[in-house]
Each structure stands twice: as structure tokens, then as C-alpha cells.
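The values are calculated or read from the model by the stated rules, or taken from the named source; none is laboratory data. On a predicted model such as this, the values are computed, not experimentally measured, just so you know. Every residue, glycine among them, receives a Cβ derived from its backbone with ideal geometry; neighbour counts consider all protein chains shown.
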Amino acid sequence: MQLTWSEDLSVGNEIIDSQHKKLFELFEDITRNPQTNLDRILEEVGNYINLHFAEEERWMARVGYPDISEHRQTHKAFVDSTLRMKMDHIMGGKLSPKQLTKFLQTWLVEHIQGCDLQIKQFCLDQKKDEIII
């Protein structure tokens, strides 16, 4: 399973793009080493995603993005799914690296392409100077 960063996933905001790249690196860590400690990865993804979502939501508020409420809901859904996965794993569930990578792969690409790039387009349409920070 291959998932790599490419410029077509850039939202034009250097901070957000660097955070997205970090998430891709976490994904690559799992795929390169299937014996990766899933507890550590789940913890790291959970911590990092909270930082990332807070930054992304500040950006949306700064530029006046009209769909910020809906976008926040997608963030909440991801956090909830990650917490459920983590709790299930802690309680002895059989989370495999393959399941985790599939979840992250699907979510990362779909969220960036389906949601985050809409913020970029909004900024371009509105000629917002804050697309690139």
C-alpha cells in the first residue's frame, strides 16, 4: 500500500501542508515497518491530529471560510473514529497494521482532496492573501 505526498495535495498554506506531510510520514512508518508499535502510532496520530485540526480551523476562521462548521464535523468524526479504534485496540481488539494503514490512507486522501482543497479554492476565488502563510 503506497501513499506519498504530492504537490496536487497542497492547500497552499505552508503550515497546513507541512502538517499533512507529517501525517504522510506517520503512515509511511507503518507501511515500512509492519511490526510498528500500534499503540505508539495511535497515540502519535491522535496527538498530532489535534494540533493539526486546531491550526486548520484557525486558518478557516481567519479567511472566513463559509463551511467551517461542516469541516469541523469531519475533524470530529476522524477524532471519534481514531479514539474508538484506540480503545478497541487497548481492550484487546485485533487491530492490524493493514487495517490502520487502510483507515489512514482513505481518510487522509479523501479529507485533503474532498475538504481541504475546497478551502484553497475558496481563498483563490476570494483572492484571500492568507492562502499561503
Within the stretch 6-49, how many residues turn out to be modelled with pLDDT of 85 or more and either outside any helix (DSSP H, G or I) or of a type in the set (Phe, Trp, Tyr) (or both)? 7
Look through Gln121, Gln19, Gln105, Gln99 and report the one residue that is over 20 Å from Leu3 (Cβ atoms) and among the polar types (S, T, N, Q). Gln121
For Leu38, which of the numbered conditions (1) within 16 Å of the chain's Cα centre (by Cα); (2) surrounded by 15 or more Cβ atoms within 10 Å (Cβ to Cβ); (3) farther than 19 Å from Lys120 by Cα fails to hold? (1)
Just checking, does the stretch 85-92 include any residue being in a helix (DSSP H, G or I), more than 20 Å from Ser6 (Cβ to Cβ) and in contact with a Ser or Thr (Cβ under 7 Å, 6 or more places away or on another chain)? no
